[in-house]
Every structure is written in structure tokens, then in C-alpha cells.
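The values are calculated or read from the model by the stated rules, or taken from the named source; none is laboratory data. Keep in mind that what you see is a predicted model, and the values were worked out from it rather than measured. Using ideal geometry, Cβ is built from the backbone for each residue, glycine included, and neighbour counts are taken over all protein chains shown.
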Amino acid sequence: MRYFLRRTAFFVITLWAAVTLNFVIPRLQPGDPAEAIVGQLTGQGPVDPDQIRAVRLMLGVPDTSLLSQYWDYLGSLVRGDFGISYTYFPYPVTHMISEALPWTLVLVGVTQVLGFLIGTVLGAFAAWRRNSRFDSFVTLGSQFVGSLPFFWIALLLLYLLAFLAGWFPDSGGHAVDVTPSWSWAFAGDAIYHGILPALSILVTAPAGWIIGMRNNMVQSLGEDYTRLARAKGLSVRRVALAYGARVAILPNVTGFALALGGILGGTVLVETIFDYPGLGRLLMEAVGARDYPLMQALFLFITIGVLLANLLADFLLGVLDPRVRKEAA
Amino acid sequence: MSLLEVADLSVAYATKNSPPTHAVRNVSFSMAEGECVGLLGESGCGKSTLGTALLRLLDRPARITGGTIRFDGTDITALDENALRPLRWRALSTVFQSSMNSLNPVLTVEAQFRDMFRTHTDMTSGEIRRRTAELLEMVLIDPSYMRFHPHELSGGMKQRVALALALALRPKLVVLDEPTTGLDVVVQKSIMDSVRTLQREQGFAVLLISHDLGTVMEIADRVMVMYAGSVVESRPAGEMLHPYSRGLLGSYADPRAETVDVTYIPGRPPDLSRFQDGCLFVDRCPVALPKCATEKPPLAPVGDGLVACHVAPSTKADFADSTFVRSVRAVAEAPPVLEVTGVHKTYTRRRTSVTAVDDVSFALRRGRVTALVGQSGSGKSTIAKLLTGIERPDTGTVMFGDVPVHRLRGRAMRRYRKDVQLVFQDPFAALNPVRTVRQTLVRPLRNHLGLSEKDARARLESLVDTVGLAPAFLDRYPHQLSGGQRQRVVVARALAPEPSILIADEPISMLDVSIRAEIVELLDRLVHHRDLAMLYITHDLLSARLLADEVLVLNKGTVVEDGPTIEVIRNAQAPYTKLLLDALPNPPR
């Protein structure tokens, strides 16, 4: 129990640090967005001081102390008020994010979990049939595929399956004539659009887990307790699962949590390539259009997402590995 | 009919890149029901491979290349896994070496009993729990430990659990492979006592594989000795006839005696990837005849047992040329080089603190050896760290002449390190595997004596000569050396900066018994010829007796007894010293 409390406390502290950094870093940058807009206006002719004031007022450039700004900032976070998007004016930032979030959550969630499961199972099989043809094929194959950049695979898939063969749509999350709703027709259409982006992630995602799992399990199969399990006359299934795989999966779970940050970076590329309406594409647009409120909120959301996923992975590890619970207590 | 019959069994390790190693060579023996057979031999002799082959647990690249194993009337040599399963554990079980790893770290103790009962019996959950509790009580563990995970148990408890597990289905044969290696002597003794009592009560047969002569001689009805993959002798525990067995026995002695002598066997075991004519022991044998080199001696009956030797029936071999003799000698008083006064060291980690060293005082003098004797966790290694300045005492002082070691830093510490050097326990881990002996030895000469590369190299030959190695060894890598040769290199490295103090932390415990006396002799010679002060750290009173002039017995960080070695050993007062003495093997000679 203490382990779980400790992990939660750790989560709260990192969350606070992330929120604070998100507040501090933009204020350390030189210049401000108002100046940028004013600069653009000066290009078209002389600028009225009233215009400058109007821009500043519109953007809400603060004139209070840093501490009270920080306090206000925390307050608006709690209320869920992230301001108004510049590019999608007058929609609030939260509206844009809540539109995009489900797309990414489903695409990345499903593909990463699936990739992890496929990789772990293949790796376990490779270790169990060590040095067999299956093992060499899977190990070499995953080393090869794992070294390919996946945006390149995405482009290749796009070209071959969407452009040349025309089997799949080349962009978007759903067809233009289908409106998002809770219907089978929409779900089918969304899945159809999601296949290519999902596939391009799924090609490379399992590679790392295969190699990790195989190596861990080769080791756990060589341990005395596994030899003892065989000597005990346990069934092959029990030896492989409860003794070999059960111990070998633990480092992979930790690895999964650590990999999540990097995964989100990759999502930006995939969503941009397929013009997929998720958080990644939104972030890309926000950066391109210097949509500061949107960017800031997205960064914060991503950080919180990674932290939450890490917390879950820690909890899972706590359930799976009795030694971890003990160490932290 | 005997329970186990092994005929002409051979096992080889075959890898793609190197010639196959023939680890077990044409071994034949049998075991009767309820018999306790000890299988003795040094590391690499094939004893564990033989045990694993009997359990049919060999993994690639090892495989049985010839011969048969008959267990309880069934030929199990080539039986497939499905046919073996009913036999496994019900009839044939095992306890592995206590390397902390024979229990699954993520399952509770109960679960590890449960899966075995589920596989072999129709017992209900309640019955399984009751039986598990019974079994744990049998090995003196409280049944409440059932719910624990292995990491919550001590090493000794884990080994008891493994023993209870092995006996759960009342097997006919239990293979014990080094069951107590790595455990403290006192724990070792209590576990072996349990094995013996249970064996008498339940009548299972035991094959006890061990390099620990004392334990085997004490417990086994019959002793088999293996050398280079072959059984060279098999007879009831007692006087042994084969020169190799005699050499092994010679490495033990009674530390209470006025004069203690221990022997070592010169040379090293043969290359197991080749077959050679004649006796495999011939190169190391002190009594070899010309025909030993050409004609392989068969395992033939002599006296009340079997022995494979041309000489043994007529001559009893001794190793007079390779004996280290230690008698009681008078030691001249010398002024201390290092004085330790009232040191204390407590380690604190997350609110729990452990007192590692509690008020210890002693002095090291030139030309004398002081031994620190104690079990793991007694604070021996912490004291070594305080002496070398790696750790600082919480209170108390360590004075090197007028230099306060407990306060040194930076350059002064570096200067001091030239004067105090370490000999490590594990010669396999103490040398950088990618450096030749020459590269390893040049470092300390350059760093501590400030010699130029050229001057340093000029000194190397005399340096390796002092530890009894030929100059040709300078260009070898560690993996090309035997354990004893490596340990000589480690000693040479320690001597290189011409220190006045040598700290030897269990320098012989990782070496094979047959060569331990060799290293003891070397250390003894160095202390006297170079007038060194030595701190000898060990868990073993016999080696302390051989090397040390005075001894401090440590228990839980405090000195429970100290004085001249022979006095402490003969008139042990502290109960803890007596325990350590009881645990010493004293095989018949």
C-alpha cells in the first residue's frame, strides 16, 4: 500500500513541476506575441498607439506581478480555462483539444498497446524456441524493421496502398460527407480511415518489445528457478508462462512507461502525413500559426498524459512485482 | 536391484566455434535405495554436469553422447519430456545450489508448492495448504511464511524451503547440488543436519554433489571422487587411496595441532576437449609410473572400494614437495605501523540503521599477520574499507604512523594509498579482461612510484618473479591463466607500489581447495621476506591458523575474542568462536 501512496505523491509533485515550468518557460522567452503582431502591422504602414493597445488588450497581456499571474494561472487551470485559440477564434482552446483528443487517444492507445502485446508475445516465443528458424527470423526481422524511421514507412504505405492501389483514403479521420456521431456507419468509416496510420505505427512499434522480451526471457529461462520448475515436472505451459515470461515481462513494463514520451513525438509525424485530425496535427498547426494559448495547453496536456501513463505503469509494476513493493516500503 | 544404474555415461558440450568439451567421460556407478552417496570434485570436474544429466535437465549445448541411465528399472536416457514428467519430482527431485535463485521471485512460497501438487496429485486447495504447512514445519520454518515471497526470506530459509519442496512427494532419490555453498557455516551445518535426520526418517537416497570435503565425508555412506570428467575413486568415507583424493584430503588439517601442514596439488587439470592416453592425473601426480602416461587405469576394486590408479594398490601417495607447514613460532615485538582505536561505523538507509563496526581496536605490525575472522555481515569488509580510507569511521581513529587516515583527503589520501594495497577475493573479477598482465602491472608502478614507462617495464620481470610466475606470463590475458595464476597476478599488482601494509580479503576462498595452500605459502613468504604488515580477512579459522600470528574474531561488528592464533583456537572462550570451530571440516586421513 505504501508503494502506491509513494508513487501517487511522486506523481503529484511532478505534475506541479510540469505545470509551473509551463508557466515559467514562455515568460523567460524574449519578446511577446503582441510585438509580433504589431511588427506585422508596421509592415503595412504607420501604427496608431491605440492599435497597439487594442492588440494588447485583445491578447490580455498582463500588467500585474508575476506571483499574482501565477496564482491566476493556477486558478484558470483548475477551472479548465486555457484561453481562446488565435487560429480557431472564437473557439476556446479546450474545445479544440477535446475535438482532437479522442482521435489520438484511440489511434495511439490501440496501436501502442497492440504493438506492446504483439512484441511481447513474439519475443516470448522467440526466446522459448531459441535459435530456431522462427527465432532468427523474428529477431533479425525486428532489428531490421526497428531501424527504419516510421514516417518513412508511413509515406511508403500512403504511396502504395492509398495513392497507387487506392484501397484506403489518403487523408482525414473520416469521410467529408459523414458527420461524427455515435453510429455504426461513422465508426466503420473512422476505422477505415484509421487503418493506414495505425498500420504505419504497428509495423515498427513491436520491434523494440520483441528484442527486449526475448533477451529478458532467455535469461529467466536460464535461471535456476526455471530449471527447478522443469525438474518439478510442471507442464510446458506453466514453465514457459509462470516462470519464464512472468519474470521477463517486468522490465518491459517499465520500458513501456519510459517510451510513452517518445511515442507522442512520433504521433505528430504520422498525423501530419495522413492529415489525421488528432492532437499531433493540432500541435503542428498551433506551432505553425504561433497559436500560443493552444500550444501551451497542448504541451501541458501531453505532459499530463505521459505522467498519468507512467503512474499507471508504476501501479501495474507494483501489482506484478512483489520486490518493487518491498523496496519502496 | 539398485535404484540408479549409470553405465558408461558421457556428456559433451558442443558449440559451433570450439571443439567439444567432454565434461563427463564413461562414468559408471550405481546407487542402492536409501543410500547417501557423496560426489566430490573441484570446479570443472564434471560433477554438476553429471548431476544435471541424471535429472535429464541438460540444456544445449550439453548433451548425452553415450551410455545409459536406468532409474528404478526404467531406462531414462532418451525418454521424452512427456514420458519423464510423471517420474519427475514424484521419484526424482533436487535441490540446487543456494545461489538465491532457485525460487521464482514473483510467486509466493505457497504458490510454488501449489503448482507442483496440482501437477502431480488431486489434492484440494485445503489439503495442499495443510500439507505445505506440514512440510515447512518439517524443515523448521513457521508455516506463516507460506504467504511470503522469496526475497523476504534469508538465504538459509530459502534453502530450507527448497529442501521441503524437494521432499514434498516423498521421492526415492534427491540430487543435492552444492546445497549449502554460499551460506554461512553455522547455517550450512544446521541445513545438513536437517538433511541427515530426514533421510534417516524417510529413507530416500541422496546424491550429494559438493566440493566441500568435510560435509561429504561427514554425511555420505560412500564417497565418489571425480577428476577431469571421470570417477577416479569410490569407497566408504574414510581413508582414500587415489593420489588425487589424497591430495584433496591433504588440504585440510586440524588447526589445533602444534604443527599444521596442508598440501596442494601442483599443476592444473587437463584440457577436456582432448582425449589423452593414460591417466588424466599423470601430470600432477607425485608417484606416477611410466605406464601411467600410456595406459589408462581402469576403475578396479581395491580394499573396500574402487580406484582407478596403477599405483594406489601398492603405494600411498603424499605431496611432501608441495606442503605448507606452519608451526607455532615466536614473534618479536615490533612497533605498530597502523593503529586502529575504537572505531565505529553505522550505515543508515531509510530510517533503519545498521551498526557494521562497533568499538574495534587493533594494531598491524611489520612482519606479522593479523587475521579478522567472522561470517558474512560481521563487519570484516567494513573494517577493510576504514583501513584503506574508502569509508570514514563515525568515531575512533585510524593512525598510520602520525598520519590520521580517518581524516585524509585528496593528494594526502593518494600518497597513503601507495602504502596500503588490497588483494581481492575473486581473481576472476579483479583483473581487467582486456589487459595483459604487463599492462595491469605497469599501472601501479607508474601511478604510485612515478616511474617512466621504460623504468616500470624494466621492473616487471622481478615483480612477477616474486610471486612465482615466469616472465612469459607478462604477455598473457587473464582468461589464459588459471585461478591460482590470476591470484598471483593480483598479489603482484598489490606489491608493485612497495606498500608497507597488505590487506587480503578472503584471498583463497574462491580458489579450488587443491591450490589454496599454494597461495597461502606465497603470502606467508612475502610477509616475512618483505617485512610487510598484513591484515588477513577470512571466514575460515584453518586458513587463519596457517597464516596469522594473531586473530580477532568478529561477530556483528564487535570483537568477541582476540589473541595469538593458536591460543584463541585451542582455548576458545566465546561461544561464537566455538561455533566456528565446530563448523570446520575434519575429515579422516
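Some notes on this structure:
- The residue that is farthest from B:Val373 (Cα to Cα), among those in the stretch B:537-589 that are of a type in the set (D, E, K, R) and surrounded by fewer than 16 Cβ atoms within 10 Å (Cβ to Cβ), is B:Arg589.
- Among the candidates B:Ala62, B:Ala12, B:Ala7, residue that is under 25 Å from A:Trp128 (Cα atoms) and away from chain A (no Cβ under 13 Å): B:Ala12
- Considering B:Leu207, B:Leu241, the condition of being part of a loop (DSSP other than H, G, I, E, B) and more than 18 Å from the chain's Cα centre (by Cα) is satisfied by B:Leu241 alone.
- Boolean, B:Ala205 is farther than 29 Å from B:Lys296 by Cβ, touching a strand residue (DSSP E or B) at 6+ places or on another chain (Cβ under 8 Å), in contact (Cβ under 8 Å) with a residue 12 or more places away in the chain and crowded, with 23+ Cβ neighbours inside 10 Å: no
- Residue check for B:Leu169: in a loop (DSSP other than H, G, I, E, B), within 14 Å of chain A (Cβ to nearest Cβ), out of contact with any strand residue (DSSP E or B) (no Cβ under 9 Å at 6 or more places or on another chain) and buried (at least 16 other Cβ atoms within 10 Å of the Cβ): no
- Hits in the stretch B:460-488 (condition: under 19 Å from B:Arg446 (Cβ atoms), in contact (Cβ under 8 Å) with a residue 24 or more places away in the chain and of a type outside the set (A, V, I, L, M, F, W, C)): B:Thr466, B:Asp475
- Subset of the stretch B:570-589 that is part of a helix (DSSP H, G or I) and out of contact with any strand residue (DSSP E or B) (no Cβ under 8 Å at 6 or more places or on another chain) - its residue that is modelled with the lowest pLDDT: B:Asp582
- Candidates B:Met157, B:Met146, B:Met226, B:Met217, filtered to the one that is out of contact with any Ser or Thr (no Cβ under 9 Å at 6 or more places or on another chain), surrounded by 18 or more Cβ atoms within 10 Å (Cβ to Cβ) and over 30 Å from B:Val373 (Cβ atoms): B:Met226
- Filter result for B:Thr466 (over 24 Å from B:Asp531 (Cβ atoms) and assigned by TED's automatic domain parsing to the domain that holds B:Val369): no
- Residue within the stretch B:499-516 that is of a type in the set (Ser, Thr, Tyr), under 20 Å from the mean Cα position of the chain (by Cα) and within 18 Å of B:Val369 (Cα to Cα) present: yes
- Screening A:Thr272 on (1) under 16 Å from A:Phe150 (Cβ atoms); (2) buried (at least 20 other Cβ atoms within 10 Å of the Cβ); (3) in contact with a Gly (Cβ under 9 Å, 6 or more places away or on another chain) shows it passes everything except condition (2).
- Count - residues of the stretch B:117-152 that are within 12 Å of chain A (Cβ to nearest Cβ) and within 32 Å of the chain's Cα centre (by Cα): 5
- Within the set B:Thr397, B:Thr382, B:Thr440, B:Thr370, the sole residue that is at negative phi, surrounded by fewer than 19 Cβ atoms within 10 Å (Cβ to Cβ) and among the hydroxyl-bearing types (Ser, Thr, Tyr) turns out to be B:Thr397.
- Sole residue being on the phi > 0 side of the Ramachandran plot, more than 9 Å from every other protein chain (Cβ to nearest Cβ) and buried (at least 22 other Cβ atoms within 10 Å of the Cβ), chosen from B:Gly67, B:Gly73, B:Gly46, B:Gly34: B:Gly46
- Meets criteria (farther than 13 Å from B:Leu165 by Cβ and facing another protein chain (nearest Cβ under 8 Å)) for B:Leu103: no
- Selection from the stretch B:497-510 of residues that are surrounded by fewer than 24 Cβ atoms within 10 Å (Cβ to Cβ) and of a type in the set (A, V, I, L, M): B:Ile501, B:Met510
- Unique residue being basic (Lys, Arg) and within 14 Å of chain B (Cβ to nearest Cβ) when the list is A:Arg290, A:Arg325: A:Arg325
- In the stretch B:61-94, the residues that are closer than 16 Å to B:Ala14 by Cα and either outside the structural domain of B:Val225 (by TED's automatic domain parsing) or out of contact with any Ser or Thr (no Cβ under 9 Å at 6 or more places or on another chain) (or both): B:Arg63
Yes/no per residue for (1) of a type outside the set (A, V, I, L, M); (2) in a loop (DSSP other than H, G, I, E, B); (3) closer than 29 Å to B:Leu511 by Cα; (4) not assigned by TED's automatic domain parsing to the domain that holds B:Val27:
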position: B:Ile265; (1), (2), (3), (4): no, yes, yes, no
position: B:Phe275; (1), (2), (3), (4): yes, yes, yes, no
position: B:Gly278; (1), (2), (3), (4): yes, yes, yes, no
position: B:Leu306; (1), (2), (3), (4): no, no, yes, no
position: B:Cys309; (1), (2), (3), (4): yes, yes, yes, no
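- Any hit, the stretch A:228-244, residues being at pLDDT 85 or above and over 30 Å from B:Leu57 (Cα atoms): no
- Helices (runs of 4 or more DSSP H) contained in the stretch A:213-329 and holding at least 3 residues in contact (Cβ under 8 Å) with a residue 40 or more places away in the chain: A:246-273, A:279-288, A:292-320, A:322-328
- Qualifying residue in the stretch A:200-209 (condition: crowded, with 21+ Cβ neighbours inside 10 Å, assigned by TED's automatic domain parsing to the domain that holds A:Leu250, among the aromatic types (Phe, Trp, Tyr) and out of contact with any strand residue (DSSP E or B) (no Cβ under 6 Å at 6 or more places or on another chain)): yes
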